Ligand code: SAH
């Protein structure tokens with residue numbers, strides 16, 4: 001095999017199976033590309049997700065919406081070892097979920113670096129948000145909020161249903177002048193949308209330093225000032241010392257992480273603490289069958305469901321304090 005080629009392993013899966021495959025790819029082939037100079041080999045890059053089956057308004061077409069999970073290996077003995085581990089892992093997952101045969105094929109390295117761009121085009125979300133890759137020139141309608149993104153390695157291109165559900169919820173709930181907190185900001189997409197809807201100040205956090213960097217770059221790309229009064233992006237999770245501060249909070253992370261954030265598993269502060277009296281918390285990244293688990297955690301902190309959106313298997317919930325008007 002040509003040394004500048006990579007091996008692509010791709011699998012078309014849905015919902016929980018997709019999550020399990022992503023986890024397997026990240027575990028076996030995770031992290032950044034690590035060059036092993038002694039052996040002249042490298043591997044890494046984790047899992048890449050591509051969703052297809054949208055119409056040109058960005059809505060999923062019934063029966064055609066699909067998630068393809070991919071990972072890339074360098075040729076050589078290390079790559080082959082990782083490939084064997086992945087194939088074993090997929091065999092085990094095949095006992096738990098319906099799992100198609102992985103498609104293994106060589107691709108040119110530069111194709112890998114740009115592969116995700118092919119599927120990433122201007123996309124309308126909600127009523128007036130037009131998400132667009134930084135390199136495209138979209139044609140906005142009057143009143144559109146154009147959000148330019150170059151996601152880098154960070155999640156949040158708008159291709160994922162969980163992001164789209166959150167953007168639609170922000171359009172419904174964010175009022176000009178609301179303070180907004182975005183936990184797990186990824187590419188910064190939700191904070192940028194909230195700022196364009198008039199929220200201020202906007203605070204964003206992510207535990208991943210690459211996400212923080214990508215989010216800051218995307219903020220500048222959208223001409224949003226990085227300052228405590230406008231948009232503040234920090235590495236971390238739930239900010240401490242901000243009790244009752246935010247009118248709207250969004251957290252698009254997985255169900256298990258959300259429950260942990262409510263119950264103080266990772267942080268001393270609960271997800272409910274920074275919420276202003278009467279404030280609204282948008283929870284996303286939740287597979288349908290896990291929504292009850294997240295709602296019970298919210299209820300333990302006095303928060304009740306006031307809104308729900310769904311796309312494919314993914315649910316976004318809006319919760320508020322019981323006694324709020
Ligand atoms: N908000 C973006 C990205 C969501 S992906 C969107 O809606 O598209 C989830 C992000 O949460 C990832 O960037 C991940 O690094 C971050 N994350 C995971 N666990 C977290 C935690 N405990 N606290 C803060 N961020 C977390």
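The values are calculated or read from the model by the stated rules, or taken from the named source; none is laboratory data. None of the values given here were measured: they were computed from a predicted structure. Note: ideal-geometry Cβ built from the backbone for every residue, glycine included; neighbour counts use all protein chains shown.
Here's a check for you: in the stretch 159-183, which residue that is part of a loop (DSSP other than H, G, I, E, B) and within 12 Å of the ligand (Cβ to nearest atom) is modelled with the highest pLDDT? Among them, the one singled out is 160.
Quick check: is even one residue across the stretch 190-205 in a loop (DSSP other than H, G, I, E, B), assigned by TED's automatic domain parsing to the domain that holds residue 147 and within 13 Å of the ligand (Cβ to nearest atom)? There is no residue in the stretch 190-205 that is in a loop (DSSP other than H, G, I, E, B), assigned by TED's automatic domain parsing to the domain that holds residue 147 and within 13 Å of the ligand (Cβ to nearest atom). Residues in the stretch 271-285 that are at pLDDT 95 or above and in contact with a helix residue (DSSP H, G or I) (Cβ under 6 Å, 6 or more places away or on another chain): 271, 280, 282, 283, 284.
Taking the condition within 14 Å of the ligand (Cβ to nearest atom), part of a loop (DSSP other than H, G, I, E, B), at pLDDT 95 or above and in the same structural domain as residue 170 (by TED's automatic domain parsing), does residue 238 pass? The answer is yes for residue 238. The set of residues in the stretch 296-312 that are surrounded by 18 or more Cβ atoms within 10 Å (Cβ to Cβ) and more than 16 Å from the ligand (Cβ to nearest atom) comprises 298, 303. Are any of the residues in the stretch 225-234 within 12 Å of the ligand (Cβ to nearest atom), touching a helix residue (DSSP H, G or I) at 6+ places or on another chain (Cβ under 6 Å) and not in a helix (DSSP H, G or I)? Yes, some residue in the stretch 225-234 is within 12 Å of the ligand (Cβ to nearest atom), touching a helix residue (DSSP H, G or I) at 6+ places or on another chain (Cβ under 6 Å) and not in a helix (DSSP H, G or I).
One line per residue, one yes/no per condition, for (1) more than 14 Å from residue 321 (Cα to Cα); (2) in contact (Cβ under 8 Å) with a residue 60 or more places away in the chain; (3) not in a strand (DSSP E or B):
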{"residue": "248", "(1), (2), (3)": "no, yes, no"}
{"residue": "264", "(1), (2), (3)": "yes, no, yes"}
{"residue": "273", "(1), (2), (3)": "no, no, yes"}
{"residue": "280", "(1), (2), (3)": "no, yes, no"}
{"residue": "284", "(1), (2), (3)": "yes, yes, no"}
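Which members of the stretch 250-260 meet the condition of being without any contact (Cβ under 8 Å) to a residue 40 or more places away in the chain and either in contact with a helix residue (DSSP H, G or I) (Cβ under 8 Å, 6 or more places away or on another chain) or more than 8 Å from the ligand (Cβ to nearest atom) (or both)? The answer is 255, 256, 258, 259.
Here residue 98 fulfils each of the conditions (1) at pLDDT 85 or above; (2) farther than 30 Å from residue 197 by Cα; (3) touching a helix residue (DSSP H, G or I) at 6+ places or on another chain (Cβ under 8 Å); (4) outside any helix (DSSP H, G or I) apart from (1). The listed residues are 186, 244, and the only one of them that is more than 8 Å from the ligand (Cβ to nearest atom), over 20 Å from residue 308 (Cα atoms) and in a loop (DSSP other than H, G, I, E, B) turns out to be 244.
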